[in-house]
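Below you'll find the structure, written out as structure tokens, and then a few comments.
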């Protein structure tokens, strides 16, 4: 296991496709699968949602690289963080913090006053992580993506103004 300080944060490249998909499957198995219906889990696997996501947006991801291995990824669009995933072997080593530091800095640099993201009510670990970073609940609504009766939380964090250059 590597310390986050030994990792490089960089833009994802075409060579990262298998590693990106592996991280997404890892977090599906460890976080989502125990909380979604069997039908939702089967659809996730059958549709190969990680491959579809990486195909559509992987070129925009930033990754935490540990000796050539994708240890984590972050994806954002405008002021919305679409995804933050850290592979299980690298959890609790500062990888998520470093990736979110980058995303929030870039969102602020783009002129947004806040960053937004979603997590689900069952995901207490992510809620604690985001609360410690200053995110607060702004709304809650049914999570229709999983068709499993889950509830999504919209979290928002005010960002400091980026100094003029």
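The values are calculated or read from the model by the stated rules, or taken from the named source; none is laboratory data. These figures come from a predicted structure and were not determined experimentally. Heads up, the Cβs are rebuilt from the backbone with ideal geometry, glycines too, and the neighbour counts pull from every protein chain shown.
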Q. Taking strands (runs of 3 or more DSSP E) that fall entirely within region 87-165, which contain at least 1 residues that are in contact (Cβ under 8 Å) with a residue 24 or more places away in the chain and either within 15 Å of the chain's Cα centre (by Cα) or under 24 Å from residue 38 (Cβ atoms) (or both)?
A. 114-120, 151-158
Q) With respect to the numbered conditions (1) modelled with pLDDT under 95; (2) surrounded by 14 or more Cβ atoms within 10 Å (Cβ to Cβ); (3) closer than 26 Å to residue 65 by Cα, which one is the sole condition not fulfilled by residue 133? A) (1)
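Condition (residue is touching a strand residue (DSSP E or B) at 6+ places or on another chain (Cβ under 6 Å), crowded, with 20+ Cβ neighbours inside 10 Å and under 25 Å from residue 148 (Cα atoms)) applied to region 25-43: is it met by at least one residue? Don't jump to the end; show me each part of the working.
Here is the first cut: in region 25-43, the ones touching a strand residue (DSSP E or B) at 6+ places or on another chain (Cβ under 6 Å) are 27.
Next, only the ones that are crowded, with 20+ Cβ neighbours inside 10 Å stay: 27.
Now narrow it down to the ones that are under 25 Å from residue 148 (Cα atoms): 27.
Looking through region 25-43, at least one residue is touching a strand residue (DSSP E or B) at 6+ places or on another chain (Cβ under 6 Å), crowded, with 20+ Cβ neighbours inside 10 Å and under 25 Å from residue 148 (Cα atoms).
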(Q) Within region 13-24, does at least one residue satisfy the condition of being surrounded by fewer than 19 Cβ atoms within 10 Å (Cβ to Cβ), in contact with a strand residue (DSSP E or B) (Cβ under 9 Å, 6 or more places away or on another chain) and within 14 Å of residue 83 (Cα to Cα)? (A) no
**Q.** Positions within region 54-73 being within 25 Å of residue 112 (Cα to Cα), surrounded by fewer than 21 Cβ atoms within 10 Å (Cβ to Cβ) and either within 12 Å of the chain's Cα centre (by Cα) or without any contact (Cβ under 8 Å) to a residue 12 or more places away in the chain (or both), in sequence order
**A.** 56, 62
(Q) Looking at region 46-56, can you tell me whether even one residue there is in a helix (DSSP H, G or I), more than 24 Å from residue 76 (Cα to Cα) and at pLDDT 95 or above? (A) yes
Q | Where residue 118 falls short, out of the listed (1) surrounded by 17 or more Cβ atoms within 10 Å (Cβ to Cβ); (2) out of contact with any helix residue (DSSP H, G or I) (no Cβ under 8 Å at 6 or more places or on another chain); (3) more than 29 Å from residue 149 (Cα to Cα) | A | (3)
Q | Neighbours by Cβ (under 9 Å, 6+ apart or cross-chain): first from region 15-31, free of Cβ contacts under 8 Å to residues at least 12 places away in the same chain; second in a helix (DSSP H, G or I) and surrounded by fewer than 21 Cβ atoms within 10 Å (Cβ to Cβ) | A | 29/88
Q: Check residue 76 against each of (1) more than 25 Å from residue 18 (Cα to Cα); (2) surrounded by 17 or more Cβ atoms within 10 Å (Cβ to Cβ); (3) in contact with a strand residue (DSSP E or B) (Cβ under 9 Å, 6 or more places away or on another chain) and name the one condition it does not meet.
A: (1)
Q) Hey, any hits in region 21-40 for a residue that's on the phi > 0 side of the Ramachandran plot and not in a strand (DSSP E or B)? A) no
